[in-house]
């Protein structure tokens, strides 16, 4: 009897305790109640038994409560310590109650660094197959997985919230947020609100992954620069997700279905990979101030049934430096409720699918409904069907008597750029047809073509199915012809290769008249010669200063560029006392360059030979030599790598003259080869009092931030002694204060150590064509950073000015050297430098 009594008494207490657990627990989201019993949760009428593959997480639970039952946690970080691999049919699921879950402690002052030899600091690295984050709410804003660190702001490197290793990672009803540059607002419990760590937008990332079949539903991805939502996945589907980002942000291997996206700058993708990214029935809000592009470094895109909204009728483009090979796809797009065509200025780059069969790969009509064909896009070779529409697609195939499965979305030509020479070689072009996800499809018929105007210069000979095409050059003109050859499938896929077709090369010419140098006249030495050819002269000429008539200690000064022989050498005060040498490699438009012929002046240059103003220097570097010149010699430029503490030695030339991109697109000028470089003008020996230098520069960065990450900079040196690295400078530096401005501050250098000698001044003038002026008068150093093209005319509320003025008192100095120390990462074009001395 006693045993029965105690048994029923124990059962009674268990029931009471369970009832109390049910009564006492309440989710923060009252609209989505969760019944928690300790061993189960009940959500939307479904009872979920907690176990090795079903965890319940709620930050509101006490440690005592989580200790009472297995599989219950109040921290995501603790829960992931106990994961076991899931399967596609039985995933490892974290059921997460509404709350804010800090994956990385925002109050920890420790700077996060990459582990081991890695380059990325992660909040949490998780290795688990078929792991799913499931928020117990309809509103993904209510379940937040958070960090608030970014590059140089709480981390060294691009801090990233998660790294997932495993197949089938998924999320539903959650927010992944990096609140380094975005305020966290949490209406369910305002006490959890948190102000962004900094206003300056830096690389603050969310998720890297390495698996396939990645699925996010009703999920929000919040950050700004380098958002990285499941970047690295092979096949990724975002279903009804929301994204907020600036540049270099989105996953380039994904299908975006019924998503909303806010673009806060002009290039949300760094690039797309393989078969690229697809937008289906999405709403995109462009919040950038200028044209809206998609990629920074190219890649394929398809945009279908998508609506763009912007303050103005902005230009929509794929890339602001568009390759001729670009072929992307669109269907039924609208901007501010009006039809819009992407790349209207480059229409060949966009394939409008309105009347093409390739549209069926993305969407089709069935039973008076638009069916977005995610099954075709994502089925791969394993029939992945995350939207569960396979049966609908197969029924539509039968009803419409059309094929909606196994349809390709990409046609490629290899090589996509090649040079061939008439009577010497041919090109064999090969095609690859891919289904989405980079699954090659054999058997598609390929049709080749070339524009009528280019048909005389090439002959095309495709094989039977068109998978290969032999190209024979037939160019007998004098100049190289650049020709686009197009391949198409019957469905409308397109690809283009660019072929430079050269006429037959002739032997290098000899000299009909041997090169000789004139005596200095009107401040110039002239090189006279005549090649033995009627073809256009493109001889390659280089000019040197030498210490004697035998060419000893020759240093390259000027060179020919763009196949234009540089036959005149303008003398400057720096040539005084040197012999001038020229080398001529004979070449014409139809030949390679022959063996160089060398000539040297009979006498060194004298002061009387100089007609230019000795107290002025002006150069746009159009013909300046850019090979490394490491010596510090009066009258010469020093061009060298600017080695920082952790930099590997660099033997490549630190500078080159060439074309810019991004903010310097369609311009040519002097550019850094890598992330850093040094350029010093070593003034000839004499006492200098006042001096002034002006630089016209164009940063590649377009928002005004100038450089790749915070703390990178460019120093403009003045009154500088390169032997001792002593003098003064204006430093332009990206800081953590602003994402669209740099700071200017004056420095004193002593033995290579810089000390600030003025207050810092924030300006957004460092974009587009920017003019920088430094001037020394007696003991006063002033600097100005301005931009005549800027549309910004007044200071912003947070203290960023449209131009900057700086001033400091310095010790009088007799040095006249100046230069640039560049440690900016992203390049800045040097358009022109002007200097004057007293």
So, with points 7 Å from each Cα along the Cβ direction, the residue 185-residue 615 label distance in nm works out to 6.1 nm
Taking the convex hull of the alpha-carbon atoms of region 356-400 and averaging its shadow over every direction gives an area in square nanometres of 3.2 nm²
So, relative contact order of the chain in percent, Cα under 8 Å, 6 or more apart, is 6 percent
Length gained if residue 656 through residue 526 is fully extended, taking 0.36 nm per residue and subtracting the Cα-Cα distance, is 44.2 nm
Rounded to the nearest 500, the 222 nm mean residue ellipticity computed for the chain from DSSP H runs (n ≥ 4, each -39500 (n - 2.57)) alone is -1500 deg cm²/dmol
Taking only the alpha-carbon atoms of the chain, the convex hull volume per residue, in cubic angstrom, is 203 Å³
With a Förster distance of 25 angstrom and the Cβ-Cβ distance between residue 365 and residue 283, calculated FRET efficiency to the nearest 0.05 equals 0.75
In nm, the gap between the two label points placed 7 Å beyond Cα toward Cβ at residue 258 and residue 711 is 4.6 nm
Using alpha carbon centers only, region 262-326 is separated from region 48-114 by a whole-angstrom value of 37 Å
Honestly region 688-781 on the Cα gyration tensor test (a ≥ b ≥ c root eigenvalues; a/c under 1.5 rounded, otherwise a/b vs b/c for prolate or oblate) is just prolate
The Cα extents of region 567-658 along the principal axes, largest first and rounded to whole Å, are 47, 43, 23
Quick note, region 58-198: a/c under 1.5 would make it rounded; otherwise a/b > b/c is prolate and the rest oblate (a ≥ b ≥ c, C-alpha gyration tensor); here it is oblate
Taking N as the residue count of region 455-604, its alpha carbon Rg divided by 2.2 N^0.38 Å gives 1.52
Under the 7 Å Cα-to-Cβ spin-label approximation, residue 602 and residue 459 lie apart by a distance in nanometres of 5.8 nm
Region 689-716 and region 555-580 have their Cα centres apart by a whole-number Å value of 28 Å
Of region 146-174, those with amide N under 12 Å from the point 7 Å along the Cα→Cβ vector of residue 44 are 172-174
Once normalised by the length of region 356-400, the mean sequence separation of its alpha carbon contacts under 8 Å that are 6 or more apart gives a contact order in percent of 27 percent
Rounded to the nearest 10, the angle in degrees between the Cα long axis of helix 2-24 and the longest principal axis of the Cα atoms of the chain comes to 40 degrees
Rounded to the nearest 0.05, FRET efficiency between residue 756 and residue 778 (Cβ-Cβ, R0 30 Å) equals 0.90
Correct semi-axes for region 615-838, from √(5λ) of the alpha-carbon gyration tensor and rounded to whole Å with the largest first, are 24, 21, 16
Plugging the Cβ-Cβ distance of residue 447 and residue 341 into 1/(1 + (r/R0)^6) at R0 = 25 Å yields, to the nearest 0.05, a FRET efficiency of 0.55
Length gained, residue 354-residue 519, 0.36 nm per residue minus C-alpha separation, equals 52.4 nm
Contour minus Cα-Cα span, residue 382 to residue 88, at 0.36 nm per residue, comes to 104.6 nm
So the angle from the long Cα axis of helix 390-400 to the longest Cα principal axis of the chain, reported in degrees to the nearest 10, equals 80 degrees
Mean separation of Cα contacts under 8 Å (at least 6 apart) over the residue count of region 540-586, i.e. the relative contact order in percent, is 53 percent
DSSP beta bridges in the chain: the antiparallel percent, rounded to 5, is 60 percent
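Read-outs: derived from the displayed coordinates by stated rules, not from any lab. Predicted, not measured: the structure shown is a model, and the values here were computed from it. Every residue, glycine as well, gets a Cβ built from its backbone with ideal geometry; the counts of neighbours run over all protein chains shown.
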